[in-house]
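Report on one structure; see the data block that follows.
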Amino acid sequence: MAPACLRTNPHWVSSEQTLPNVLRLLSFNIQVGINTQRYHHYLTRSWQHFLPHARRQATLGQIARMLNDFDLVALQEVDGGSIRSGYVNQVEHLAKEGQFPYWYQQLNRNLGRFAQHSNGLLSRFAPELVEDHKLPGMLPGRGAILTSFGQGQDSLLVVMMHLALSLRTRNNQLAYIRERVADHQHVVLMGDMNTHAEDLLDHSPLRGSGLHTASLPGSYPSWKPARMIDHILISPSLSIEQVEVLPQAISDHLPVAMHIRLPDQMCKPREPNR
């Protein structure tokens, strides 16, 4: 774990920082702005993983407009500023275009000017804490962003992640995450988890955690969604107001949105320091 330096867009910072009664969440694997629409595009458009493409900025614009409807966003497969993205930090760009006051880019695979493989956090509310966690695995490159809102027993702990494809490695990563959240009452796990909810909740180290989610149609592949591998999991103290897989075929994944109701005590204004 390493301390994370949260970045701020001062123009959008509000003096009102109390969490709302209903918090709007989104998780989206954006595939570095590549608009994949068919399996053969993985081959014919593979060069876009290494070189800039004129359509990439237009795709990011589509994503930014969609993000306007949300309070807290977990991004996977974003580029931190390299040749392929035209040296644009995609997390920073989406934070500015979506008018998010707070953002953080987690660099997981640093290939210098060729690629900056990252996860991203966008938030309309100031977190009390942000931590950068490198997840266990034989190969480096998977990470989780841990952030909390509020303090003490009424705080909300949110973990944003992109898990491994391998079952064994993924379970090691989930065991690591389970340890990080074990002492917290109000928890959200969100991201590309590369497996189904039943596997996560019943056949992984998350079993017995009490986390839950809603049954949803597939999120991958975006053009013919057959697998639900992008998830937002929440603790029993939080309830689902609204949930859906958004029909936005911008990436090879579809975004997953959830509105959650927070406990009343979590949404009270903070008492001024004496």
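Brief remarks on what is shown
Yes/no matrix, rows are residues, columns are (1) outside any strand (DSSP E or B); (2) open to solvent by less than 10 Å² (accessible area, probe 1.4 Å); (3) among the basic types (Lys, Arg):
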residue	(1), (2), (3)
65	yes, no, yes
75	no, yes, no
95	yes, yes, no
118	no, yes, no
122	no, yes, no
131	no, no, no
138	yes, no, no
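- Total residues in region 156-170 satisfying the condition of being crowded, with 19+ Cβ neighbours inside 10 Å and more than 11 Å from the chain's Cα centre (by Cα): the figure is 5.
- For region 147-184, filtering for residues that are assigned to a strand (DSSP E or B) and more than 19 Å from residue 29 (Cβ to Cβ) leaves 4.
- Selection count where residues are at pLDDT 80 or above and open to solvent by 20 Å² or more (accessible area, probe 1.4 Å), scope region 20-50: 4
- Selection within region 214-225 - open to solvent by 20 Å² or more (accessible area, probe 1.4 Å) and under 19 Å from residue 35 (Cβ atoms): 220, 223, 224, 225
The values are calculated or read from the model by the stated rules, or taken from the named source; none is laboratory data. All values derive from a computational prediction rather than experimental measurement. Counting neighbours? That spans all protein chains shown, and the Cβs are built from the backbone with ideal geometry, glycine included. Surface areas here come from the heavy atoms of the whole protein model, side chains and all, with no ligands, DNA or RNA. Shrake-Rupley method; radii C 1.70, N 1.55, O 1.52, S 1.80 Å.
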